[in-house]
Amino acid sequence: ESLLTLTPGTAVSGVIAATRDWLAEATGALAQPSVWGACVGIPGPVNPATGEMVAPALLPEWVGVDVVAAFTEALDLPVIVENDANLGAIAEARHAGDEDLVYIKAGTGIGAGVVLDGKLRRGASNSAGEIGHLSLDPNGIVCRCGNRGCLETIASTPAILSALESRMLPEAGIGAVVESALAGDVACVRVLGDAGTAIGMAAATLCTILNPEHIVVGGPITGAGDILLRTLGDAMRRYAVPASGNRARITTSVYGDRASAMGAVMLARETFAPVG
C-alpha cells in the first residue's frame, strides 16, 4: 500500500513487523546471518542525513515522524532513509553501467531519481527529481502540492483510475486498467496513452536540462508496454532539444516493482558493509 493512503504509524509498524519476520527467517536458515544495517525507502523528498521530509506539503502527516529512530530502535540496527525514486535510480544505473541516467517512478505519486557522472544527485534541498509536480496545465486540477495541472494529476495511478471511473468497476485497480488496455479497450488505451504523453513532456524537460543517456520508467503502468512507451517517447522527442531528446534511450525497469528495494540493498551494503 502507498504511504499516501496509510497513516505514518500503520506504515512504519507494518514494515517493521515484516522486517522482523524476515530477520527471524534468515536467522533460522543461516548459521551466521550477517545483517549490517537497513535502508528505508520513502516516496517523497527526504534529507538522508536526518530522515526528515523536506517537502511537508506533499506528505503532511509524516512531518515530525522520525523514521530512522523508529527503525533503529525496533531492529537494533543502523538505519538510513532515502527517497524511493533515488533508490530505483541507484539500482538501474548500477545494472546498466550508465553514468547519466534518470529513473522515473510512476505510481500513486511520480518522482525521478537522477544519476549524473555516476553519482546520485539530490539537489541543494534534497528535493531534486520531484517531476510529479511539474505544472503541465496551468488551468488543470489542483494538486496536493497546491499547484495546478501537475504531472501527478494526469499520470499518477489515482488520476488514471479517476479518468476511467465510469468505465471500470469500483474495485478495479491499475492492474485491471493495464490488462484491459492490452486486450484492446479503447478507453484504457487512450488514458494510458495520455499518461505516457504527460510523462514524456516531463522527460523532455529532464532531457533538455540534464541530457541523460538513459531514461528508465518504472511503476505499475509500465506493464502496458508500447501503449505507454510509444506516446512517452513521441512526446519526449517532440518537446526536448533534439540533441538530447533524440539521444536518450527509453526502457522500462529491469527490476520492475523491485527497483527501489534493490537500490536500498545496494545503498545499505555500500553504507554499512565492513571494508575488506
Report summary line: Subset of segment 250-276, residues of a type outside the set (A, V, I, L, M) and under 20 Å from ILE110 (Cβ atoms), comes to THR251, THR252, SER253, TYR255, GLY256, ASP257, ARG258, SER260, GLY263
Query raised in the report: Among VAL81, VAL35, which is β-branched (Val, Ile, Thr) and surrounded by 21 or more Cβ atoms within 10 Å (Cβ to Cβ)?
Result: VAL81
Query raised in the report: If a residue has to be part of a helix (DSSP H, G or I) and surrounded by fewer than 21 Cβ atoms within 10 Å (Cβ to Cβ) to count, how many in segment 211-226 make the cut?
Result: 3
Query - Filter pass, ALA181 being open to solvent by 30 Å² or more (accessible area, probe 1.4 Å), more than 29 Å from VAL81 (Cα to Cα) and either among the β-branched types (Val, Ile, Thr) or part of a helix (DSSP H, G or I) (or both) - result: no
Query raised in the report: Can you pull out the residues in segment 117-141 that are surrounded by fewer than 20 Cβ atoms within 10 Å (Cβ to Cβ) and not in a loop (DSSP other than H, G, I, E, B)?
Result: LYS119, ARG121, SER135
Query raised in the report: Any chance segment 155-177 includes a residue that's buried (at least 23 other Cβ atoms within 10 Å of the Cβ), in contact (Cβ under 8 Å) with a residue 12 or more places away in the chain and in a loop (DSSP other than H, G, I, E, B)?
Result: yes
**Report entry** Residue satisfying all of: in segment 228-253; of a type in the set (Gly, Ala, Ser) and open to solvent by less than 50 Å² (accessible area, probe 1.4 Å); nearest to ILE154 (Cα to Cα) among these
**Finding:** ALA235
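The values are calculated or read from the model by the stated rules, or taken from the named source; none is laboratory data. Remember, predicted model here, so these are calculated numbers, not experimental data. With ideal geometry, Cβ positions are generated from the backbone for all residues, glycine too; neighbour counts draw on all protein chains shown. Just the protein is used for accessible areas: all its heavy atoms, side chains included, with ligands, DNA and RNA removed. Shrake-Rupley method; radii C 1.70, N 1.55, O 1.52, S 1.80 Å.
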